[in-house]
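Okay, structure first, notes after.
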Amino acid sequence: MLNRTMQTSRERTALSRLRQLLNEPGFLRATWVKMKHSCGRDSCRCKSEKRHWHVSWYVSQSRKGKPRMKSVHQERLAEVRQWVTRYQEAKRLLMIVGDASWERLGA
């Protein structure tokens, strides 16, 4: 059993922050993709010029070796961006904790 005195301060800090993250809603293992496209309406200026194409945001992830994407509506961008950021931070913190455990194994 590992007690707190055996942990480095960096490891304790990482574990504390990781616990906080796990209590917050939403994790998403994904990356952001910005795409431009024409909406297809005849009255829209994007129909005539590519430089007027609309910007859309997607999240992308690989599942069982195959890529998949979902569009994210404008009103949910901030929320979903937070989910992705939270996941990335948790992943970084787990690496810190895992590296500390690896060091404790010794030679």
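The figures follow:
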read-out	value
Of all residues in segment 11-38 being of a type in the set (G, A, S) and touching a strand residue (DSSP E or B) at 6+ places or on another chain (Cβ under 8 Å), the one that is surrounded by the fewest Cβ atoms within 10 Å (Cβ to Cβ)	S38
Residues of segment 43-64 classified as charged (D, E, K, R) and part of a helix (DSSP H, G or I), total	4
Test: R12 is assigned to a helix (DSSP H, G or I), at pLDDT 95 or above and charged (D, E, K, R)	no
Residues of segment 61-90 classified as more than 27 Å from Q20 (Cβ to Cβ), touching a residue at least 24 places away in the same chain (Cβ under 8 Å) and among the hydroxyl-bearing types (S, T, Y), total	0
Residues of segment 39-67 that turn out to be out of contact with any helix residue (DSSP H, G or I) (no Cβ under 8 Å at 6 or more places or on another chain), surrounded by 12 or more Cβ atoms within 10 Å (Cβ to Cβ) and either among the small types (G, A, S) or modelled with pLDDT of 95 or more (or both), as a count	4
Pairs with Cβ under 9 Å, 6+ apart, first in segment 91-107 and at pLDDT below 90, second of a type in the set (D, E, K, R)	S101/E11
Filtered residues of segment 15-41 (kept if under 30 Å from R51 (Cβ atoms) and in a loop (DSSP other than H, G, I, E, B))	A30, S38, C39, G40, R41
Residue tally, condition farther than 25 Å from E11 by Cβ, surrounded by 11 or more Cβ atoms within 10 Å (Cβ to Cβ) and of a type outside the set (V, I, T), over segment 74-99	6
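The values are calculated or read from the model by the stated rules, or taken from the named source; none is laboratory data. If you're wondering where the values come from, they're calculated on a predicted model, not measured in any experiment. In this analysis, Cβ positions are derived from the backbone assuming ideal geometry, glycine residues included, and neighbour counts consider all displayed protein chains.
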